[in-house]
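Enquirer: Quick one: the structure is below, questions incoming.
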Amino acid sequence: MLLSRHVACDDQPGSDPTELALLLQDEELFGEVLAQLSTSSAERLRPRLAAARRVSDDTVAPNVLALLVLACWLDGEGAQQSDCLGQLESLDPCHPLMPLLVAMHHKAAPPGIWDL
């Protein structure tokens with residue numbers, strides 16, 4: 001229920017970026033957001049993830065960054081995607097999503113393949 005306030009279709013008051021960053025530390029909640037990311041949801045989720053990154057310290061940033069890299073790719077924000085991928089590589093080069101994120105970045109994979 002807490003997470004739905006952050007990823008709902010409409011902008012609900014009380015969507016706290018710090019709370020979102022902390023919620024994303026839970027593997028199950030991280031997986032829920034990962035499953036919701038698509039080319040159609042990325043435009044809505046990317047700003048929320050970016051706000052969560054701005055308030056994240058290095059201990060909670062990797063999960064936020066991993067989702068933000070994916071959301072940037074899906075939303076066609078290549079420069080932001082590259083920057084966030086570099087941050088993630090510095091903070092947690094062994095993050096579970098790193099192989100996927102690096103591969104899609106290096107191969108310049110089109111975002112539409114994610115929705116297949």
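The values are calculated or read from the model by the stated rules, or taken from the named source; none is laboratory data. Quick caveat: nothing in here was measured; it's all calculated off a predicted structure. Please note: Cβ atoms are built from the backbone with ideal geometry, for glycine as well, and neighbour counts cover all protein chains shown. We work out accessible area using only protein heavy atoms, side chains counted, and drop any ligands, DNA or RNA first. Shrake-Rupley method; radii C 1.70, N 1.55, O 1.52, S 1.80 Å.
Enquirer: Restricting to region 43-54, give me the number of residues that are under 23 Å from Gly86 (Cβ atoms) and either among the basic types (Lys, Arg) or touching a residue at least 60 places away in the same chain (Cβ under 8 Å) (or both).
Expert: In the first step, residues of region 43-54 are kept if they are under 23 Å from Gly86 (Cβ atoms); the result is 43, 45-54.
With either among the basic types (Lys, Arg) or touching a residue at least 60 places away in the same chain (Cβ under 8 Å) (or both) added as a condition, the list becomes 46, 48, 53-54.
Qualifying residue count, region 43-54: 4.
Enquirer: Taking the criterion of being at positive phi and not aromatic (Phe, Trp, Tyr), would at least one residue in region 12-20 satisfy it? It would help to see each step written out before you state the result.
Expert: Restricting attention to region 12-20, the residues satisfying the condition of being at positive phi are 14.
Restricting the remaining residues to those that are not aromatic (Phe, Trp, Tyr) gives 14.
Taking every residue of region 12-20 in turn, at least one turns out to be at positive phi and not aromatic (Phe, Trp, Tyr).
Enquirer: Something else: State whether one or more residues within region 76-87 are within 19 Å of Leu20 (Cα to Cα), open to solvent by less than 40 Å² (accessible area, probe 1.4 Å), in contact with a helix residue (DSSP H, G or I) (Cβ under 7 Å, 6 or more places away or on another chain) and part of a helix (DSSP H, G or I).
Expert: Within region 76-87, one or more residues are within 19 Å of Leu20 (Cα to Cα), open to solvent by less than 40 Å² (accessible area, probe 1.4 Å), in contact with a helix residue (DSSP H, G or I) (Cβ under 7 Å, 6 or more places away or on another chain) and part of a helix (DSSP H, G or I).
Enquirer: List the number of the failed condition for Cys94; all other conditions in (1) farther than 17 Å from Glu27 by Cβ; (2) surrounded by fewer than 18 Cβ atoms within 10 Å (Cβ to Cβ) hold.
Expert: For Cys94, the failing item is (1).
Enquirer: Within region 49-72, how many residues are open to solvent by less than 20 Å² (accessible area, probe 1.4 Å) and in a helix (DSSP H, G or I)?
Expert: Here the count works out to 14.
Enquirer: Touching a Ser or Thr at 6+ places or on another chain (Cβ under 8 Å), modelled with pLDDT under 95 and in a helix (DSSP H, G or I), is that true of Arg5?
Expert: Yes: the conditions hold for Arg5.
Enquirer: Could you check His106 against (1) at pLDDT 95 or above; (2) more than 10 Å from the chain's Cα centre (by Cα) and say which number it fails?
Expert: (1)
Enquirer: Give region 45-75 a look and list any residue that's among the charged types (D, E, K, R) and out of contact with any helix residue (DSSP H, G or I) (no Cβ under 8 Å at 6 or more places or on another chain), or say none. Steps first, answer last, please.
Expert: Going residue by residue through region 45-75, those that are among the charged types (D, E, K, R) are 46, 48, 53-54, 57-58, 75.
Across region 45-75, the qualifying residue is only Asp57.
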